[in-house]
Amino acid sequence: MRRACGRTDDALIGVGNLPAAEAAAKELPRVSLADALELTLLIARKEPRRHPRVAARWLLRYLEDCDEATIDEAALVAARLAALSGAWPGRGRAHAANHGKAASAGGHRER
């Protein structure tokens, strides 16, 4: 994440410091979709009870921000987000995270 002063807070997410990452996000005027996904992934690892609601909010934001998202893409992204909570054995968090990152980074025009 980039803070207003230009300092990057990517390291906070990388080392798994959820309280610091959330505090940094609150200081930003708007958190990018990709950064919001990174926080969602961190929450899935650190506070799994919060994950379903946070993932639902991220999916809503994805659908609002990506003008060209289809129902099929939304279903796939929702399934991958659900997999982060371990709901689907054999479908690891890395697999789900990789698709979510691709969805937030490519192919869709953000509003």
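Throughout, read-outs are computed from the coordinates displayed, never taken from laboratory work. Remember, it's a predicted structure, so these values are computed and weren't measured experimentally. Reconstructed Cβ throughout: ideal geometry from the backbone, glycine too, with neighbour counts over all protein chains shown.
Once phi is turned into ³J(HN,Hα) by the Karplus curve 6.51 cos²θ - 1.76 cosθ + 1.60 with θ = phi - 60°, what whole-Hz value does each residue of the stretch 17-24 show in order, with x for glycine and proline?
8, 4, x, 5, 5, 5, 5, 5
How far apart, in nm, are two points set 7 Å out from the Cα along the Cα-to-Cβ line at Ala34 and at Ala75?
2.9 nm
What ³J(HN,Hα) values, in whole Hz, does the Karplus curve 6.51 cos²θ - 1.76 cosθ + 1.60 give for the stretch 32-43 when θ = phi - 60°, with x put for Gly and Pro?
Couplings: 5, 4, 5, 5, 5, 5, 4, 5, 4, 5, 5, 5 Hz.
Hey, can you rank 69-77, 20-28 by average C-beta count inside 10 Å, highest first? Mind dumping the intermediate values first?
Working: 69-77: 13.8, 20-28: 15.4.
Highest to lowest by the protection proxy: 20-28, 69-77.
For Arg49 and Glu27, compute 0.36 nm times the residue count separating them, minus their Cα-Cα distance, and round to one decimal in nm. Show your work: numbers first, answer last.
Values: separation 22, 0.36 × 22 = 7.92 nm, distance 2.43 nm.
Net length gain for the segment: 5.5 nm.
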